[in-house]
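Take a look at the structure below.
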Amino acid sequence: MEHCVIKSMNTKKILPLPFAFICNIALAYIILMLCRFIFLAVNYELYADALATNSFEDLLRGSLLFDTAAVCYLNIPYILALLLPLHYKECRFTQGLTRILYTIGVAVGVVANFADCVYVPFTGRRSTWSVFGEFSNEGNIAKIIGVELFNHWYLTLGAIIIIWAAYKLYRPAKGYEKNRLVNYYVTRVAMLLVVAPLLIVGIRGGAGKHVRPITISNANQYVNSPTEAVIVLNTPFSMIRTINKTPFKEVKYYSQSELENIYSSVHTPANDSAFIAKNVVVFILESFGKDYIGAFNPDREGASLTPFLDSLITESRTYAYSYGNGRKSIDGMPSALSSIPMFVEPFFLTPASLNSVSGIAGELAKKGYNTAFFHGAPNGSMGFQAFARATGYQKYYGLNEYNSAKNDDGNDDFDGTWAIWDEPFFEYYAATMDTIKEPFVTTMFSASSHHPFRIPEKYQAIIPEGELPIHKCVTYTDKALRSFFEKAKKSEWFKNTLFVITADHINQTNDERYKTAAGSFEVPVIFYSPDRGEPFAPGVDSCTIAQQIDIMPTVLQSLNYDKEFIAFGQNLITTPAEKSFAVNYNNNIYQYFKGEYMLLFDGGKAVALYNIRKDKLLKDNLVEKLPAIVQPMEKELKAIVQDYMHRMLNNKLVTE
């Protein structure tokens, strides 16, 4: 194997494998950060205020997070070529090939970032994979690129210099040496065992069960506005993470005038009554489907899992027919707080997550409200912090803030998997609101009623197991909710507060009704006002259909909010029961609820119709039998989908 030994390379540039690898990866980091500095220099006027008002620490942390993922993605070919333990490959040719693969990865990153130096000012966001589709029908694309390369010659020259420097500064690693075969394989295998997990962690954006692989929407966590997310993002990451992800496509069922006559997501104030500066508290209870709430299942035998919530419902306005707009936690938050349903893909995971977007917090902030979001998981978990910040929540209280307030860096109240136990975190929530100046809007996203379905040790002998593992967790969270209200009632802000309680989605069930296409979306929508007056006088509305995306417009209507806003739901106060609806998306099928019926639509035609009040298990498909019901429902659903897709694709989730 002597012919495979490297003999003619400059041995002064050859480093031991670990050092060569570290040097090259560090160089890749430096180049990506340099691209960011050049991007900001070229577009300084656009982002000068953002650089001045955002936290430097947040910008740096966010930049390193996304650069790490990009470095990992771009260098996978180089890493495999370098570390693959096969001594036969160690010759001048493969050394040269490894160098070329590394340089190609750098070149892709540089070219993509430099292209966005020019393109971002027009789009307001980093390019995603869809950019290739945008220009796929351009017959003169080569000419356009050529003109832009000439017009921005300094970027072209800069890219060439950086790529050339990467090639020259690349450090080769020592290859196979005669009579040291064992050492070669030990070194390569050891490096693979170290680098492979680090590569996975880098691509995911962190380690641990609570970490969901980062997407472009996570950039909102590190900036004050979605329009500033381009600072911490890099274009290679944005493009790679959106490959083959085209959830939103423009549809043209109707002309614009026809569409406006059928449906509009623009909400305009209907009266000139004085604004009511009432506090708003929104609870999004993890997995709290209606299946677990005794008040919604009066015929069920045995003790209720939710005795406190049952009692609160008797003092609240709630709905016999209420639905979620998604099936995941990351669907529940946009639905309940920004009136954005989940269509095709979770909003968090799509390029549209970088659109300008508002919500209850963002709208009420315009009226001088203080806004805060609470979630007891590690900060940044599930992308909640990013979305909260993007939609107008000024403060975020997570695991870090809880531990800081408790002077406890050992996480004594941490459940060991996801978050702080609900009971102590709910008490912390109530106590913290005592320090927030009124009027305020706050949101609590609970965590304990979640897999692996554990409860604190002190309640193991008190709370029964239940028929399903989640049942004891639901009872525990209900107890935590009782503790919250007992504490909150002693606070001065309590009587001047509207409480909204919903769930993100349903979870385990042993009831056939809640396993159907309709039942699997049934979540509570509860409005509790301590004064028990209109528009939320106690009672169960069995005529109106409610959904999570109705929460935002309903809350704003109840306060006589006087500004125009975008919401895909309807306000439940002035909307007649016969015009109320719910919509969700289930396995590539749109589901539309209105009156007694649920219509299933595949994007082209109606495929099913069920009477959800008489046929709770959805056994009788009426789509061929009741065309007079199908046609108007399909017409309305098409209008909603068309408006949704248009607004997502054209960054129109806020009013002009």
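The values are calculated or read from the model by the stated rules, or taken from the named source; none is laboratory data. Owing to the predicted nature of the structure, the values given are computational and were not obtained by experimental measurement. With ideal geometry, Cβ positions are generated from the backbone for all residues, glycine too; neighbour counts draw on all protein chains shown. Accessible surface is based on the protein model in full, side chains and every heavy atom, while ligands, DNA and RNA are left aside. Shrake-Rupley method; radii C 1.70, N 1.55, O 1.52, S 1.80 Å.
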Name the pairs: first residue in segment 483-494 and under 17 Å from Asp531 (Cβ atoms), second residue not in a helix (DSSP H, G or I), Cβ to Cβ under 7 Å, at least 6 apart or on different chains? Ser491/Asp434; Trp493/Asn279; Trp493/Glu438; Phe494/Pro530
All but one of (1) more than 17 Å from Glu250 (Cα to Cα); (2) touching a Phe, Trp or Tyr at 6+ places or on another chain (Cβ under 6 Å); (3) open to solvent by less than 10 Å² (accessible area, probe 1.4 Å); (4) not hydroxyl-bearing (Ser, Thr, Tyr) hold for Leu637; which doesn't? (1)
Given the conditions (1) part of a helix (DSSP H, G or I); (2) open to solvent by 20 Å² or more (accessible area, probe 1.4 Å); (3) touching a residue at least 40 places away in the same chain (Cβ under 8 Å), which single one is not true for Gly368? (1)
Just checking, does segment 412-421 include any residue being closer than 27 Å to Gly359 by Cβ and in contact with an Asp or Glu (Cβ under 6 Å, 6 or more places away or on another chain)? yes
So which residues in segment 574-588 are surrounded by 15 or more Cβ atoms within 10 Å (Cβ to Cβ) and not small (Gly, Ala, Ser)? Thr575, Phe581, Val583, Asn584, Tyr585, Asn586
Which residue pairs have Cβ atoms closer than 9 Å, lie 6 or more positions apart in sequence or on different chains, and pair a first residue in segment 452-468 that is touching a residue at least 12 places away in the same chain (Cβ under 8 Å) and more than 18 Å from Ala419 (Cβ to Cβ) with a second residue that is in a loop (DSSP other than H, G, I, E, B) and hydrophobic (A, V, I, L, M, F, W, C)? Ile463/Ile455; Gly466/Leu305; Leu468/Phe453
Taking segment 308-344, which residues are in a helix (DSSP H, G or I), within 22 Å of Leu481 (Cβ to Cβ) and hydroxyl-bearing (Ser, Thr, Tyr)? Ser311, Ser329, Ser335
Across segment 640-656, what is the total count of residues that are open to solvent by less than 20 Å² (accessible area, probe 1.4 Å), in a helix (DSSP H, G or I) and of a type outside the set (Phe, Trp, Tyr)? 6
The residue that is modelled with the highest pLDDT, considering only those in segment 121-154 that are of a type in the set (Gly, Ala, Ser) and in contact with a helix residue (DSSP H, G or I) (Cβ under 9 Å, 6 or more places away or on another chain), is Ser127
Pull up segment 602-634, narrow it to residues that are in contact (Cβ under 8 Å) with a residue 24 or more places away in the chain and in a strand (DSSP E or B), then point me to the one that is surrounded by the fewest Cβ atoms within 10 Å (Cβ to Cβ). Ala606
Flagged pairs (Cβ under 6 angstrom, 6 or more apart or on separate chains; first in segment 87-105, of a type in the set (Ser, Thr, Tyr); second modelled with pLDDT of 80 or more and not in a helix (DSSP H, G or I)) are Tyr102/Tyr170
Look at Ile455 and say whether it is open to solvent by less than 60 Å² (accessible area, probe 1.4 Å) and closer than 12 Å to Leu305 by Cα. no
